Amino acid sequence: MEATVDDTPALPGQNLRLPTGEGYDGLTPLQRRAMVGAIAAAHVAALWALLQIREVREAVADAAPMFVSLVAPPKPPEVAPPSPPPPPTPPVRRPIAPEPRLIAAAPSPAPTSFVVAPPLEPTPPEPAPVVAAAPVAPPAPPPRNLSASAVQYLEPLQVEYPRLSKRLGEAGVVMLRVFIDEAGRVRDVQVSRTSGHPRLDDAAMAAVQKARFKPPSENGQAVSGYAQVPVDFQLER
């Protein structure tokens with residue numbers, strides 16, 4: 001379809017009329033939209049190329065508007081209103097004590113007669129039970145003293161003379177009090193008379209404790225008792 005052109009000459013003061021009708025520029029609507037898009041893309045590409053230059057970026061940054069955010073100031077803390085003062089305490093009224101009244105005392109009752117009972121006879125205490133006393137054992141007789149003839153060794157007495165006593169020249173006789181039972185065994189040894197040297201006394205006691213005696217007897221009966229046993233320490237000359 002061809003465009004129509006108005007051949008009427010324009011008068012002064014009148015607007016110039018443009019050709020009317022679709023397709024006066026020879027483009028379809030689709031081609032016209034494509035041309036507009038290409039022109040916009042060319043502008044965007046030219047703007048991006050300009051922004052790649054440092055001086056242009058700095059100029060744009062300086063000319064950019066500044067945005068200021070206004071921050072509201074913090075609210076002042078709320079202050080609680082002062083509490084009202086406590087109400088005044090009412091005065092305490094003390095009760096008025098009533099006046100004392102005189103109360104007549106009741107008449108005392110008539111005395112009552114009491115019958116006094118005779119005292120009771122005390123009951124005699126019961127007799128304590130009689131406890132039979134335990135028989136007292138007679139005291140044991142003291143140990144007898146054996147005669148010298150009743151004391152006989154089964155084996156000769158073996159006495160060890162202390163070496164230090166020999167070196168120091170210690171000598172003397174030790175008298176021992178020895179308890180011998182019915183079987184001839186030694187049950188107790190005591191020093192009845194010392195030699196004057198403790199080493200000799202100890203050696204005599206050790207020798208007698210190991211000794212064996214014949215069972216002592218009197219009148220054909222075995223007896224036990226204490227016997228005096230001497231131990232003589234003499235240095236060889």
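Read the figures in this text as sums done on the coordinates, not as results from a lab. Worth saying up front: this structure is predicted, and the values here are computed from it rather than measured. We place every Cβ from the backbone using ideal geometry, glycine too, and count neighbours over all the protein chains shown.
Order of 181-188, 46-53, 207-214 by packing, highest average Cβ count within 10 Å first? Don't jump to the answer; show the numbers that get you there.
Numbers: 181-188: 14.4, 46-53: 9.9, 207-214: 16.0.
Top of the packing list down: 207-214, 181-188, 46-53.
Ordering 165-176, 33-44 by mean Cβ neighbour count within 10 Å, with the highest value first, yields 165-176, 33-44.
Net charge in the neighbourhood of residue 182 (other residues with Cβ under 15 Å of its Cβ; Lys, Arg +1, Asp, Glu -1) is +2. In terms of its C-alpha gyration tensor, region 147-233 comes out prolate, because a/c is 1.5 or above and the ratio a/b outweighs b/c. With both labels modelled 7 Å from their Cα along Cα-to-Cβ, the residue 187 to residue 34 distance reads 15.2 nm.
Summing +1 for each Lys or Arg and -1 for each Asp or Glu, what net charge is found among the other residues whose Cβ lies under 15 Å from the Cβ of residue 220?
Numbers: positive: 214; negative: 182, 218.
Around residue 220, the surrounding residues sum to -1.
Near the amide H of residue 173, within less than 5 Å, lie the amide hydrogens of 233, all on another chain or at least 5 residues away, with H placed in the peptide plane. For residue 186, no residue whose modelled amide H falls within less than 5 Å of its own remains once neighbours fewer than 5 places apart on the same chain are excluded.
Between residue 59 and residue 137, the simple label model (points 7 Å from Cα in the Cβ direction) yields a spacing of 14.3 nm.
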